[in-house]
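The values are calculated or read from the model by the stated rules, or taken from the named source; none is laboratory data. All figures in this text were calculated on a predicted structure; none of them were measured in a lab. Here the Cβ positions follow ideal geometry from the backbone for every residue, glycine too, while neighbour counts run over all protein chains shown. Accessible surface areas use protein heavy atoms only, side chains included; no ligands, DNA or RNA. Shrake-Rupley method; radii C 1.70, N 1.55, O 1.52, S 1.80 Å.
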Amino acid sequence: MHADPVDDLRQRLAARFRELQRAHGLSGKQIEARTHYDRKNVSAVRNSGRLPARHVLAAYDTLFGCGSELTDLGDRIRAADQAERLRGLSARAAGPNTPTPPEAEAAGADRREFVELGALTIAAGLAGEVSRRVASADPDPLTLDELDERLDQIGASYTSTPHAALTPLIVGGWRDAERLLERRLSARVRTRVTTMAGLFAFYGGRLAFNLGDDTAARRFASLAELYSRDVDDPLLSGSVATLKTSIAYYTGRHAAAADIAGQARAGAHPYLRARLAAYEARARAAAGQHDQARQALRDMQDTVWLGEPMVGTETFGEELIHCFLAVVSGRLGDGEHAEPHAHRSLAILQTTGGGYEDIGGTYNALAQAFLRRTHPDPEQAADAASRALAVLDGRPTRTVIQRSGQIWQELGARWENQRAVLDLGEQLQAHRRALPAGSSSA
């Protein structure tokens, strides 16, 4: 079966893209905002010009909800273009298409050999040209090393650096990686840059989530997932799963959050298995699935990573083990068991100089423990939740603010007139106002 002519396929792609764009009522600027790819790619598709990279078309497929239609058309265009180039090579090698006179039939074998050798000679020249182009297209190794260093810097300082300071590092790094992907790269370098772009997108989603912008967080998570599929990287895909389960958990979809973490655990990089088990345990407890929550806690303790820290998320060690034992035990109604674990987590954080989000989260776990004891202590619970907010110190963080708010609501249902509860409410309102407009912190 012959491939469709390249121009016909390009016209078909352009027409279908325009149809989808009209159906969704999206401008080029809006498509750029939703996919995070330059709107020049939109013009390229609409006008049948340069074909965007495959992952760009995949992002458009996701945006329009049309399966892999645009990506498949792009693949057909590339295949048809390659077939056309090969036909051109064969024609150049064979010369004019004239009948072979009868007297030349005896030399047929020689003629075929000449044609084949001629085609190989032309193809070899083209191969040399392509080889030089690919070799010269790869960025300077220093450029790639600098992007790697930026990722290391973000990973090492994420939990202690204000979000406003992280934003330019993350967004700038992702844009730099994406610009490199728009060029022709060798397979080895493309894989490396795609992985880096995926990690920057993951950090972008994590940052948006921490600021309460769930729409942006989901978009970056979807983008990071596309990158991870391109390179089949379990560390990147597992990191994306930690983000997706967190978004589900903090938007109240506890069963979905548990399923995301549980399904990701089996194929995740060993570095992330304990963290995913912890996130699953937290979500299962919140969903009322107590037996599954306890099993996930046991899995968490059995799969702790003992190697060197890796990029993406922080190492899941002793402090986080105690923190999640406190969180999940509190969710299961066992405040007596949760309290010593929360105190132990805080002691480790004070010794190691942990990040403000970690400290705030553990104070909230302690507040929950005070409420889940046989004899609840509302004053100590309110004080612990207030300490969680105080540690933010002008660095608004959705996870801490939202959990402190839930503690305050529970306190208000039974002890609304206590001074400590009233003070916590006032403190909470100030922190909620500090989050960006439209954030989900309730």
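Where does the charge balance sit around Asp291 when Lys and Arg score +1, Asp and Glu -1, over other residues with C-beta under 12 Å from its C-beta?
It works out to a net charge of +3.
Answer with a single label: of [x] 56, 22, 19; [y] 56, 32, 18; [z] 53, 23, 23, which was calculated as semi-axes √(5λ) of the Cα gyration tensor in Å from the structure in view?
Computed from the coordinates, semi-axes √(5λ) of the Cα gyration tensor in Å corresponds to [x].
Give me the percent relative contact order of the chain, please, defined on Cα pairs under 8 angstrom at least 6 residues apart.
RCO, the chain: 10 percent.
Cβ under 15 Å from Asp145's Cβ, Asp145 left aside: what net charge do those residues give with Lys, Arg +1 and Asp, Glu -1?
Spelling it out: positives minus negatives among the neighbours equals -4.
Bin width 10 Å, alpha-carbon pairs only: give the P(r) of segment 375-421 as whole percents, running from 0 to the bin holding the largest distance.
P(r) for segment 375-421, in whole percents per bin: 28, 53, 18, 1.
Let's see if you can work this out: charge +1 on each Lys and Arg Cβ, -1 on each Asp and Glu Cβ, no other charges. What is the dipole magnitude of the chain about its Cα centre, in debye to the nearest 20?
So the dipole magnitude of the chain works out to roughly 1120 debye.
Let me spell out the model: positive unit charges on the Cβ of Lys and Arg, negative unit charges on the Cβ of Asp and Glu, origin at the Cα centre of segment 334-442. What dipole size does that give, in debye rounded to 20?
280 debye
Could you tell me how many cubic angstrom of Cα convex hull volume segment 348-442 has per residue?
88 Å³
From the phi of every residue in segment 196-201, what ³J(HN,Hα) in whole Hz does the Karplus formula 6.51 cos²θ - 1.76 cosθ + 1.60 yield, where θ is phi - 60° and glycine or proline is x?
Using θ = phi - 60°, the values come out as 5, 4, x, 5, 4, 5 Hz.
Tell me, in nm to one decimal, what length is gained between Asp140 and Gln153 on full extension, where the rule is 0.36 nm per residue of separation less the Cα-Cα distance?
2.6 nm
Which length gain, in nm to one decimal place, applies between Arg183 and Arg39 when the Cα-Cα distance is subtracted from 0.36 nm times their residue separation?
50.2 nm
Remind me, relative contact order of segment 160-281 in percent, using alpha carbon pairs under 8 angstrom and six or more residues apart?
18 percent.
Would you work out the charge dipole size for segment 133-208 about its Cα centre, treating the Cβ of every Lys and Arg as +1 and the Cβ of every Asp and Glu as -1, and quote it to the nearest 20 debye?
Computed about the Cα centre, the dipole is about 340 debye.
Quick one: how many Å² of Thr35 are accessible to a 1.4 Å probe, rounded to 10?
10 Å²
Given N residues in segment 1-51, what is its alpha carbon radius of gyration divided by 2.2 N^0.38 Å?
Taking the Cα Rg and dividing by 2.2 N^0.38 Å, one obtains 1.24.
Would you mind getting the Kirkwood hydrodynamic radius of segment 199-283 from its Cα pairs, rounded to one decimal in Å?
12.3 Å
Taking the Cα of Leu306, stepping 7 Å toward and past its beta carbon, and measuring to each backbone N in segment 256-276: which are under 16 Å?
270-274
So which trypsin sites (Lys or Arg not before Pro) in segment 15-80 are both in a DSSP loop and have at most 14 other Cβ atoms within 10 Å of their Cβ?
Sparse-neighbourhood loop trypsin sites (Lys or Arg not before Pro): Arg50.
At 222 nm, what value in deg cm²/dmol follows for the chain if DSSP H runs of at least 4 each add -39500 (n - 2.57) and the sum is divided by all its residues, to the nearest 500?
-25000 deg cm²/dmol
Using a 1.4 Å probe, what is the accessible area per residue for the chain, in Å²?
On a per-residue basis, 48 Å².
For the pair Gln418 and Gln295, how long in nm is the line joining their label points, each one 7 Å along Cα→Cβ?
Here the modelled spin labels are 3.7 nm apart.
Go through segment 267-283 residue by residue and turn each phi into a ³J(HN,Hα) via Karplus (6.51, -1.76, 1.60, θ = phi - 60°); whole Hz please, and just put x for glycine and proline.
Residue by residue, segment 267-283 yields x, 6, 4, x, 4, 10, 5, 5, 5, 5, 5, 4, 5, 5, 4, 4, 6 Hz.
Could you grab the relative contact order for segment 278-424? Cα pairs under 8 Å, six or more apart, rounded to a whole percent.
Worked out over segment 278-424, it gives 17 percent.
For His343, His55, write out the residues from largest to smallest accessible area, computed with a 1.4 angstrom probe and no ligands counted.
Final ranking, largest accessible area leading: His343, His55.
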